[in-house]
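Colleague: Let me begin by handing over the structure; questions about it come next.
Each value in this text was obtained by applying a stated rule to the coordinates, not by laboratory testing. Everything numeric in this text was worked out from a predicted model, so none of it was measured. Backbone-built Cβ (ideal geometry, glycine too); neighbour counts: all protein chains shown.
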There are 2 protein chains.
Amino acid sequence: MNGLTRKQEICITAARLFKSKGYAAVTMRDLAAEMGIKAASLYNHISSKEEILNEVILAIAKSFTKGIRNIRSSEDKITEKLQAVIAQHVNLTADYPFEMASLNNDWMHLGEGKKEYLNLRDEYELHFREIIKQGKSEGVLKNIDEEVILFSTLVTLRNLYIWIPKKGVVDRDKIINSLNQTLLQGIEI
Amino acid sequence: MNGLTRKQEICITAARLFKSKGYAAVTMRDLAAEMGIKAASLYNHISSKEEILNEVILAIAKSFTKGIRNIRSSEDKITEKLQAVIAQHVNLTADYPFEMASLNNDWMHLGEGKKEYLNLRDEYELHFREIIKQGKSEGVLKNIDEEVILFSTLVTLRNLYIWIPKKGVVDRDKIINSLNQTLLQGIEI
DNA sequence: GTCTATATGTGGATAGAC
DNA sequence: GTCTATCCACATATAGAC
């Protein structure tokens with residue numbers, strides 16, 4: 001009725017619970033209760049609890065990596081690329097705040113999918129690092145240790161999910177602008 | 001033999017496990033195995049799993065709040081206060097990286113102690129926010145939304161535990177300097 | 001301070017009826 | 001697609017011996 005499969009509904013509900021208690025502390029009975037059904041009924045739509053985590057985390061991890069791959073290979077200037085990275089984080093976080101929490105906090109409970117997740121994360125950081133390096137070599141960014149820039153920027157962006165849901169949906173642009181200032185003006189020449 | 005009580009040893013070992021899997025996924029058997037004893041033996045030193053979490057989280061939460069209370073009430077200039085806040089985070093994180101992970105990720109599993117933890121956290125953020133406000137009113141900090149400054153700074157500092165253990169013990173000062181640059185130059189006039 | 005044995009509860013997951 | 005009933009593994013925690 002809402003265009004979602006039952007499996008998708010389960011994953012969305014699960015992500016919300018995972019955010020509040022963490023994957024390990026959420027039981028199939030909790031999840032079922034939240035869906036208004038019994039735990040056994042869940043297994044008509046998913047094969048295991050772990051499969052749900054896989055669905056929740058890998059979908060958004062792929063979006064991030066695909067996005068930054070495009071940003072890096074674009075013809076934009078460095079500053080524009082960095083702004084695009086920030087905007088992607090704000091937008092994906094505003095759309096999927098619960099999934100972002102699992103991505104950050106529950107990835108270690110992935111089974112089958114952990115390797116793929118780690119590959120996606122490594123590729124993401126690789127592109128980000130290369131954008132920063134390019135910025136330094138072009139003289140657009142200050143000569144601060146790449147890893148420090150990468151860490152402090154990425155940590156802020158990855159944790160937006162803690163903070164964005166508190167704000168209204170409307171002020172995405174305001175958040176993007178503020179982050180552009182706070183994050184970029186500390187590192188730009 | 002090492003100056004630690006058995007209870008302290010248990011809490012230290014527990015914190016290390018909590019960091020890698022999260023509180024909920026660590027069993028008393030895991031913890032006991034890591035200590036080289038049986039699970040039942042743990043209960044001669046602690047009364048419950050939850051008590052361990054309380055010990056781990058509240059000790060470090062108190063240190064942070066006490067520290068920033070002193071920094072705020074000192075006669076230092078704003079820039080020095082902000083640098084002192086950064087230095088406190090780097091030092092406490094370097095000393096207690098595992099406890100920092102629990103502080104960030106496992107506080108929702110506190111029982112008895114949750115209220116106290118939330119009070120400490122609120123007080124911490126209050127002092128931090130007031131330092132930022134004072135900086136803005138004195139014209140030392142840019143006129144960026146306080147909450148954005150607070151969020152992006154605090155999130156970086158709170159997640160140092162992910163990053164600091166990778167570095168050697170030696171370069172605390174280098175990290176403090178880099179963070180001073182990255183975090184402060186984006187917000188200072 | 002640690003052990004073995006065990007009580008008691010709850011977790012993920014399956015079988016089969018409707 | 002959901003239910004009831006149930007299996008079985010594993011969780012926290014206690015009792016009492018050494």
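Colleague: Put the label 7 Å from Cα along Cα→Cβ for A:Glu130; what are its distances to the other copies, in nanometres, shortest first?
Modeller: Distances between equivalent label points, in nm: 4.9.
Colleague: Which loop GluC sites (Glu not before Pro) in the range A:51-84, with loop taken from DSSP, have no more than 12 other Cβ atoms within 10 angstrom of their Cβ?
Modeller: Answer in residue order: A:Glu75.
Colleague: Taking each residue in A:154-165, count the Cβ atoms of any other chain within 10 Å of its Cβ, then average. What number comes out?
Modeller: 4
Colleague: Any chance you could give the angle, 0 to 90 degrees and rounded to 10, that helix A:114-137 forms with the longest Cα principal axis of chain A?
Modeller: With both axes taken from Cα atoms, the answer is about 20 degrees.
Colleague: Oh, and also: Taking each residue of A:179-187 in turn, how many C-beta atoms of other protein chains fall within 10 Å of its C-beta, and what is the average?
Modeller: Per residue, the number of nearby Cβ atoms from other chains is 6 on average.
Colleague: Calculate, in whole percent, how much of the Cα-Cα pair population of the protein assembly as shown lies beyond 41 Å.
Modeller: 15 percent
Colleague: With each run of n ≥ 4 DSSP H residues scored as -39500 (n - 2.57), what mean residue ellipticity at 222 nm is computed for chain A after dividing by its residue count and rounding to the nearest 500 deg cm²/dmol? Kindly include the intermediate steps, with their values, before the conclusion.
Modeller: Values: 10 runs with 129 residues, N = 189.
The helix contribution divided over chain A gives -21500 deg cm²/dmol.
Colleague: Please state, to two decimals, what the Cα-based radius of gyration of chain A comes to when divided by 2.2 N^0.38 Å (N = residues).
Modeller: On the way: Rg = 18.4 Å, N = 189, 2.2 N^0.38 = 16.1 Å.
For chain A, the normalised Cα radius of gyration comes out at 1.14.
Colleague: Below 20 Å, Cα to Cα, which aspartates and glutamates can B:Lys133 reach? Residues fewer than 8 away in the same chain don't count.
Modeller: B:Glu75, B:Asp76, B:Glu80, B:Asp122, B:Glu123, B:Glu125, B:Asp145, B:Glu146, B:Glu147, B:Glu188
Colleague: Between copies, how close do the A:Lys115 label points come, placed 7 Å along Cα→Cβ, listed in nm from shortest?
Modeller: 5.0
Colleague: I would also like to ask the following. If you build a Gaussian network model of chain A, linking Cα atoms that sit under 10 Å apart, which residue out of A:Val90, A:Val56, A:Val26 swings the most?
Modeller: Residue with maximal mean-square fluctuation among A:Val90, A:Val56, A:Val26: A:Val26.
Colleague: Over the alpha-carbon set of the range A:7-98, work out the extent along each principal axis and list the three values in angstrom, largest first.
Modeller: For the range A:7-98, the Cα extents along the three principal axes come out at 53, 22, 19 Å.
Colleague: Run through the other copies and list how far each one's label point is from that of B:Asn2, in nm with one decimal, shortest first; the point sits 7 Å from Cα along Cα-Cβ.
Modeller: List, nearest first: 5.1 nm.
Colleague: Say the cut-off is 23 Å between C-alpha atoms; which of A:Lys38/A:Lys114; A:Lys142/B:Lys66; A:Lys115/B:Lys19; A:Lys115/B:Lys114; A:Lys114/B:Lys7 go over it?
Modeller: A:Lys38/A:Lys114; A:Lys142/B:Lys66; A:Lys115/B:Lys114; A:Lys114/B:Lys7
Colleague: Over the Cα atoms of the range A:115-189, what Rg and Dmax result, in angstrom?
Modeller: Rg, Dmax (Cα atoms, Å): 14.1, 39.
Colleague: How many angstrom separate the Cα center of the range A:1-66 from the Cα center of the range B:106-169?
Modeller: Taking the Cα centre of the range B:106-169 as reference, the centre of the range A:1-66 is 31 Å away.
Colleague: Does anyone have the angle between helix B:6-21 and the longest principal axis of chain B? Alpha-carbon axes, 0 to 90°, nearest 10?
Modeller: That helix lies at roughly 70 degrees to the long axis.
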